[in-house]
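Enquirer: Okay, handing you the structure first.
The values are calculated or read from the model by the stated rules, or taken from the named source; none is laboratory data. If you're wondering where the values come from, they're calculated on a predicted model, not measured in any experiment. Cβ atoms come from the backbone with ideal geometry, glycine included; neighbour counts cover every protein chain shown. These accessible areas exclude ligands, DNA and RNA; they are computed on the full protein's heavy atoms, side chains included. Shrake-Rupley method; radii C 1.70, N 1.55, O 1.52, S 1.80 Å.
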Amino acid sequence: MEASVERLEKNQVVLEVKVEPQRVEKALDQVYRSIANRANIPGFRRGKAPRRLLENYFGREYILNQALDQVIPEAYAEAVEKTQIEPIDRPEVELVQAEQGQPLIFRARVEVKPEVQLGEYRGLTATKRVRTVGEEDVNRQLENLRDQFAQLVDVGEDGLAEGDLAVIDYEATVEGKPFTEKGGKSRAVIVGGSLPVPNLSLQMVGMKAGEEREIRVTLPEDYAEKQWAGKEAVFRVRLSEAKRRQLAELDDEFAKDVSEFETLEELRADIANRLAEAYSRQAEQQVREELAQKAAEAATVEVPASLVERRLGAMVAELEDRLRQQGMNLEEYLRMTNGTMEDVRARFRPEAEAEVKRELVLEAIAQKEGLKVEEAELDREVETLAQRSGREAAAIKESLPPEWLEGMRRSLLYRKVVDFLVENASIEVSEA
């Protein structure tokens, strides 16, 4: 097999491949045998029909295409390895010659990983800004704990106040017509919040369980659903439950209830230690991101459009996952934000381009510095995943799709390259 590369603009190459006729003939023999073993040809037992008769029944072009479907992918993969190009997309294959007794010749046009011209990446500078844990930080965490472990109690005769939880049934109309999209049964509402519509819940202040009230709300001019914008909506609200959050006292008993500590002071000390560790990790991560960004900015590379589009698709999928976790889908999100999918992709595009460029630069540094991910390192990563999931590492590795394992390998490589940048950087430590 022979292969040559012609480089075009925009990271495109044309790979011309010449395959010896004996290899094509061998593939044809396999196809003929396979067809003969499956075909019912009158007068012949299966597997015994001659080639010429099979060609009359199925057509030589059909049989040849079956053989080429075997030969071309294999030859293309060998040519890629031989020429050491790095395709990043599927090839467009053009058949140049496929005559009997002659070499098979085809051309494959494909986008390849671009050449990266590295700038300075050794001796970069960064500032590690470590935040000092203050008393207000500890107090804020304690308040979060109080909020997390708060108890809901009936409001009683006091009536609803701002911040209370109200469970309501309601019907709504606009200009006498049902505002069906906003009807609700047993809807939980925080008094003072903007749901189910802005300016509604505050007018429930003072209501008691079992009480009904008619509330009129003028919807904002910029309301997401344009057909209702600026119009008056009439809500007939019935309050079924009224709850208030009751916070525990900050004392030793509270510390015992929410932690393994006996006193509040011990709990405060533990919170301060954990915050210090978290602030330190955050500062280290910011340094790593800063160094990776500086290395990327110092390099020159033509970012392939196909990789950017692929990253955009992944980012949109991540957005859909986050929305599902919030009980919403992408269509509802677009309606609420009065946007389109094009708007979402346009907003994500700069970040996608920056991420793709950064990864290309990190890979180029890894290649130049001889940094690789060993199989043992990948196994350790799988072992960590196994410990989190409670499964056997070997079973996880066997069940993971190849692209997932390759993604893990790339992540480990990027981490190793950034480790290298940190080791070879000048880092100044300051207080945030």
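Enquirer: Mind checking which of M408, S430, L124 is farthest towards the positive end of the chain's charge dipole, using Cβ charges of +1 (Lys, Arg) and -1 (Asp, Glu) about the Cα centre?
Expert: It is M408.
Enquirer: Moving on to the next point. Once the other residues with Cβ under 15 Å from the Cβ of D147 are scored (Lys, Arg +1; Asp, Glu -1), what is the net sum? All intermediate terms of the calculation are to be shown ahead of the outcome.
Expert: On the way: positive: R140, R146, K243, R244, R245; negative: E143, D164, E249, D257.
Within the 15 Å Cβ shell, the charges total +1.
Enquirer: Now, a different point. Find which of L264, P178, A150 sits farthest along the positive direction of the dipole of the chain, computed with +1 on the beta-carbon of Lys and Arg, -1 on that of Asp and Glu, about the Cα centre.
Expert: Checked the options; the winner is P178.
Enquirer: Moving on to the next point. Using the charge dipole of the chain (Lys, Arg: +1 at Cβ; Asp, Glu: -1 at Cβ; taken about the Cα centre), state which of I215, V301, V71 has its Cα farthest towards the positive end.
Expert: Positive-most Cα among the choices belongs to V71.
Enquirer: Taking all protein chains in place and a 1.4 Å probe, what share, in percent, of the accessible surface of region 307-432 do carbon and sulfur account for? Intermediate results must be reported in sequence, preceding the final value.
Expert: Numbers: 3870 of 8030 Å².
Ligands and nucleic acids excluded, carbon and sulfur reach 48 percent.
Enquirer: If you wrap region 121-275's Cα atoms in a convex hull and average its projection over all directions, what's the area in nm²?
Expert: 15.7
Enquirer: Residues with beta-carbon under 11 Å from that of R90, excluding R90: net charge, scoring Lys, Arg +1 and Asp, Glu -1?
Expert: On the way: positive: R109; negative: D89, E92, E111.
Net charge in that neighbourhood comes out at -2.
Enquirer: Under a 10 Å cutoff between Cα atoms, tell me which one of S411, S389, S280 has the largest fluctuation in the Gaussian network model of the chain.
Expert: Among S411, S389, S280, the largest mean-square fluctuation in the Gaussian network model of the chain belongs to S389.
Enquirer: Right, next: From zero outward in steps of 5 Å, how is the percent of C-alpha pairs of region 65-175 spread across the bins?
Expert: 2, 6, 9, 9, 6, 5, 4, 4, 4, 4, 6, 8, 9, 10, 6, 4, 2, 1, 0, 0
Enquirer: Also, quick follow-up: Calculate I(q)/I(0) for region 271-320 by the Debye formula, one identical point scatterer on each C-alpha and no solvent, and give its log10 at q = 0.16, 0.32 Å⁻¹ to two decimals.
Expert: At q = 0.16, 0.32 Å⁻¹ the computed log10 ratios are -0.76, -0.99.
Enquirer: Once you have the Cα-Cα distance between E266 and E297, take 0.36 nm times their residue separation minus that, and quote the gain in nm to one decimal.
Expert: Using 0.36 nm per residue and subtracting the Cα-Cα distance, I get 6.5 nm.
Enquirer: Now, a different point. Any chance you could get the radius of gyration and Dmax over the Cα atoms of region 383-432, in Å?
Expert: In order Rg, Dmax, the Cα atoms of region 383-432 give 16.4, 46 Å.
Enquirer: How large are Rg and Dmax for region 220-322 when only the alpha carbon atoms are used, in Å?
Expert: Every Cα atom of region 220-322 included, Rg and Dmax give 25.8, 64 Å.
Enquirer: Hey, another quick one. Kindly express, to the nearest 10 degrees and within the range 0 to 90, the angle between helix 21-38's C-alpha long axis and the longest C-alpha principal axis of the chain.
Expert: 70
Enquirer: So, one more: Determine the dipole magnitude for the chain: charges of +1 sit on the beta-carbon of Lys and Arg, -1 on that of Asp and Glu, nothing else is charged, the reference point is the Cα centre, and the result goes in debye to the nearest 20. Display every interim value, and only then the final one.
Expert: Values: 64 positive and 87 negative charges, 488 e Å.
Dipole size: approximately 2340 debye.
Enquirer: If Lys and Arg each add +1 and Asp and Glu each add -1, what is the summed charge of the other residues whose beta carbon sits under 14 Å from the beta carbon of N338? Before the final figure, lay out the partial values.
Expert: Details: positive: K226, R335, R347; negative: E221, D222, E225, E331, E332, E342, D343.
Net local charge, N338 excluded: -4.
Enquirer: Further question on the same structure: Please label the shape of region 330-432 as rounded, prolate or oblate, based on the square roots a ≥ b ≥ c of the eigenvalues of the alpha-carbon gyration tensor (a/c under 1.5 means rounded; beyond that, a/b larger than b/c means prolate, else oblate).
Expert: Since a/c reaches 1.5 but b/c is at least a/b, the shape of region 330-432 is classed as oblate.
Enquirer: Please compute the contact order of the chain in relative form: average sequence separation of alpha-carbon pairs under 8 Å and at least six residues apart, divided by the residue count, as a percent. Intermediate values should be presented prior to the final figure.
Expert: On the way: 610 pairs, mean separation 74.7, N = 432.
RCO, the chain: 17 percent.
Enquirer: With only alpha-carbon atoms in the gyration tensor, what are the semi-axes of the equivalent ellipsoid for region 280-392, in Å, largest first?
Expert: Numbers: eigenvalues 180, 112, 40 Å².
Taking √(5λ) for each Cα gyration eigenvalue gives 30, 24, 14 Å.
Enquirer: Please report the relative contact order for region 59-109, taking Cα pairs under 8 Å with a sequence separation of at least 6, and give it as a percent rounded to a whole number. Present the calculation step by step, with values, prior to reporting the outcome.
Expert: Numbers: 27 pairs, mean separation 12.0, N = 51.
After rounding, I find 24 percent.
Enquirer: Need one number for the chain: average projected area of the convex hull over its C-alpha atoms, nm². Walk me through the numbers before you get to the answer.
Expert: Values: hull surface 141.4 nm².
Computed as one quarter of the Cα hull surface, the answer is 35.3 nm².
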